[in-house]
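The values are calculated or read from the model by the stated rules, or taken from the named source; none is laboratory data. Source: prediction; values computed, not measured. In this analysis, Cβ positions are derived from the backbone assuming ideal geometry, glycine residues included, and neighbour counts consider all displayed protein chains.
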Ligand SMILES: Nc1ncnc2c1ncn2[C@@H]1O[C@H](COP(=O)(O)OP(=O)(O)OP(=O)(O)O)[C@@H](O)[C@H]1O
């Protein structure tokens, strides 16, 4: 599979704020890739750099083979990629049907059938001015304008923010159906349950740095929480083994998060004469909390 998004040591600083600190991303064609992180982790800054809306202060990147830091190429990126921004900014003075007509004039691959289907499914009032739409309706309209463009890559910044549960389910189903047709979806989110439901790859960012980059299958099948109690006090340095992602020790107990190599880790813990060893699966939420907490 080819990478549709690639970055090498990508950096963005705003004065003294180091928002993105050397990101190496590779998003494969046809995947649904979730980009998770706390508020202020650097997700929107990364997305804006990918789209040429903000200039990197270091490193490089490409989207659909076009370099993100060359003006002409970033223009091509914005033409080829359907982007739905976090702020869902739209022309407030237009009506719903006016903005649909206006937008589709720019995109030769516009999907008219899909547009009509989404107008109905999202129950969007064609004659209402955008400034009079509710927050959720505005989000649905912004998503419709992105989904119907017929692009090979969709970048969505918190797509379900402010939507009711029915609309969220609709949006997730649409994303899945688009990827079945070959569209690549890269989306940022705080909604871990949604990510677990539709993503096949997870990227987790914390304070501008990538802390997890793994296929969802690996996250579900291989990540384990290992807790053990020893007859003697233990220290972090006793547990520096391949596959151990985080280590917390307290007196005679250790709590480990392992991403792989679990059998060898358990064997090592046994050799240190652990009296009691618990091995538990981890949810994405637990992995997320573990990754961001340890660095706090
Ligand atoms: N234009 C700007 N000027 C100064 N600082 C900025 C600017 N844009 C973002 N930042 C800072 O960069 C950091 C990363 O912000 P960013 O918006 O990329 O995070 P995020 O992960 O998208 O957060 P959220 O989930 O809250 O949307 C934050 O500390 C933020 O305050």
Which residues, counting only those in segment 59-87, are under 20 Å from residue 3 (Cβ atoms) and within 16 Å of the ligand (Cβ to nearest atom)?
-> 59, 61, 68, 83
Hey, among 284, 280, 241, 210, which residue is within 28 Å of residue 39 (Cα to Cα) and not assigned by TED's automatic domain parsing to the domain that holds residue 25?
-> 284
Restricting the search to segment 9-48, which residues are over 23 Å from residue 75 (Cβ atoms), under 13 Å from the mean Cα position of the chain (by Cα), more than 13 Å from the ligand (Cβ to nearest atom) and assigned to a loop (DSSP other than H, G, I, E, B)?
-> 31
Across segment 198-241, what is the total count of residues that are touching a helix residue (DSSP H, G or I) at 6+ places or on another chain (Cβ under 8 Å) and farther than 30 Å from residue 188 by Cβ?
-> 4
Residue list for segment 103-114, filter: surrounded by 15 or more Cβ atoms within 10 Å (Cβ to Cβ) and either at pLDDT 95 or above or over 25 Å from the mean Cα position of the chain (by Cα) (or both) = 103, 104, 107, 110, 111
Out of all the residues in segment 164-181, is one or more part of a loop (DSSP other than H, G, I, E, B), over 17 Å from residue 87 (Cα atoms) and out of contact with any helix residue (DSSP H, G or I) (no Cβ under 8 Å at 6 or more places or on another chain)?
-> yes
Flag for residue 245 being under 28 Å from the mean Cα position of the chain (by Cα), surrounded by 12 or more Cβ atoms within 10 Å (Cβ to Cβ) and either away from the ligand (no atom under 16 Å from the Cβ) or in contact (Cβ under 8 Å) with a residue 24 or more places away in the chain (or both) = yes
Would you check if there is a residue in segment 1-14 being out of contact with any strand residue (DSSP E or B) (no Cβ under 6 Å at 6 or more places or on another chain) and surrounded by 17 or more Cβ atoms within 10 Å (Cβ to Cβ)?
-> no
Within segment 49-76, how many residues are surrounded by fewer than 19 Cβ atoms within 10 Å (Cβ to Cβ) and part of a helix (DSSP H, G or I)?
-> 5
Confirm whether residue 185 is in the same structural domain as residue 26 (by TED's automatic domain parsing), more than 30 Å from residue 11 (Cβ to Cβ), in contact with a helix residue (DSSP H, G or I) (Cβ under 7 Å, 6 or more places away or on another chain) and not in a loop (DSSP other than H, G, I, E, B).
-> no
Candidates 63, 20, 84, 27 - the one that is within 30 Å of residue 286 (Cβ to Cβ), at pLDDT 95 or above and touching a helix residue (DSSP H, G or I) at 6+ places or on another chain (Cβ under 7 Å) = 20
